[in-house]
1. Which members of the stretch 305-335 meet the condition of being among the polar types (S, T, N, Q), modelled with pLDDT under 85 and assigned to a loop (DSSP other than H, G, I, E, B)?
2. Do you know which residues across the stretch 294-304 are surrounded by 17 or more Cβ atoms within 10 Å (Cβ to Cβ) and either touching a Leu at 6+ places or on another chain (Cβ under 8 Å) or in a helix (DSSP H, G or I) (or both)?
3. Among the listed residues 91, 151, 135, identify the single one that is within 16 Å of the chain's Cα centre (by Cα), assigned by TED's automatic domain parsing to the domain that holds residue 238 and surrounded by fewer than 19 Cβ atoms within 10 Å (Cβ to Cβ).
4. Of everything in the stretch 232-249, what is in a helix (DSSP H, G or I) and crowded, with 24+ Cβ neighbours inside 10 Å? Give them in sequence order.
5. Among the residues of the stretch 116-140 satisfying the criterion of being in contact with a strand residue (DSSP E or B) (Cβ under 6 Å, 6 or more places away or on another chain), part of a loop (DSSP other than H, G, I, E, B) and of a type outside the set (Ser, Thr, Tyr), which is nearest to residue 94 (Cα to Cα)?
6. Return yes when residue 279 is assigned to a helix (DSSP H, G or I) and at pLDDT 95 or above and no when it is not.
7. Taking into account only those residues within the stretch 148-184 that are at pLDDT 95 or above and assigned to a loop (DSSP other than H, G, I, E, B), which is nearest to residue 34 (Cα to Cα)?
8. Given the criterion crowded, with 18+ Cβ neighbours inside 10 Å, in contact (Cβ under 8 Å) with a residue 12 or more places away in the chain and either under 17 Å from residue 218 (Cβ atoms) or more than 15 Å from the chain's Cα centre (by Cα) (or both), identify the matching residue among 140, 127, 159, 171.
Amino acid sequence: MPPASSIPSPLSTDADARFDVVPLPAFNDNYIWMLVPRSPSADLSAWPAVEVAPGVQRPVGITVVDPGQAAPVMAYLDANNAYLSAILLTHHHADHVGGVPELLVFAEQQVQEGQAPSVPPVYGPVGEDIATVTHPVSGGTVVETVSPRAHFTVIDVPGHTRAHIAYFMAGASASADGAAPPPADGAGTAPASIDQNQPPRVFCGDTLFATGCGRLFEGTPAQMLASLDRLAALPDATLVHCAHEYTLSNIRFARAADPENADLSAWSEQAEALRAAGRPTVPTTLALERRVNPFLRADAPAIAPQLRAAMAGQAHGAVSEGPMSRLAAFTQLRAWKDRF
């Protein structure tokens, strides 16, 4: 297990228009993800061909994911001479979309004052009722943003809500030209060789968390398991940009379910150190999640004794020792977490 210092931090992701990915805290434990170009010149194509006064720096465009709260985003834009170029939404819950109306009013004001070229498009799931969405999307759709210049493949990940989606950025291959091969389908596919300085990323809202997964508010266990499988099929190097700082709580449950997992024990120490230092525990990587996240390995033999004991406690009696399907194990594990 790598030391805590090697936990992923914001990295550039596009060979032609480099940007950082910044977690902006909101509410008690939300993260609003901001994709911020490293160079203002990277988004000149977003602006009309007009002259800029000498010495005046043109504002830079930022893409934002799940802005449930407007105030921190507007404060960031004001402090960094920036405007919103695109808004990406994963699902309809208020702590993910609640800030959008106010941000659109703010964007209109910026346009009128010459601080933005246009009001940002709002992307969101086609199967959910989000009044502010201007571009409904679903699995397999490719979303292209102008500033920063990036391509996302939409992945359908229902379960937490009925039509939850994720946005996958394939990253760059380690080829000479740095081009990123497009994913073949809505789940995304791994480039033959990953450039570790430009990793793939997935913005997965409340479906996959660091060491956990979302509650089932509108979907079924079968849907959530299939959604987690789609995400788990992405490349090992994929950075997992979930929307909440739930990691320490998730780890406490994971250790109850999987107490002998050495990788989980090491990750617990790293996560505690990160939070003690005031740092986010996310993004993690899919490689790490496959080793420590009990919901990605619900039917692992190491988890079975603890899961059966939890089921017996809930049932106030013995539980059959017969084989349990992967879906049944996942269903019981999620139910155990709900009452943990």
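1. 320
2. 294, 295, 296, 298, 303
3. The conditions single out 151.
4. Hit for the stretch 232-249 is 247, nothing else.
5. Of everything passing the filter in the stretch 116-140, 130 is nearest to residue 94 (Cα to Cα).
6. Numbers: assigned to a helix (DSSP H, G or I): no; at pLDDT 95 or above: yes.
Spelling it out, it is not the case that residue 279 is assigned to a helix (DSSP H, G or I) and at pLDDT 95 or above.
7. Among them, the one singled out is 164.
8. Result of the check over 140, 127, 159, 171: 159.
The values are calculated or read from the model by the stated rules, or taken from the named source; none is laboratory data. All of these numbers come straight from a predicted model, not from anything done at the bench. Positions of Cβ are generated from backbone atoms using ideal geometry, with glycine treated the same way; all protein chains shown enter the neighbour counts.
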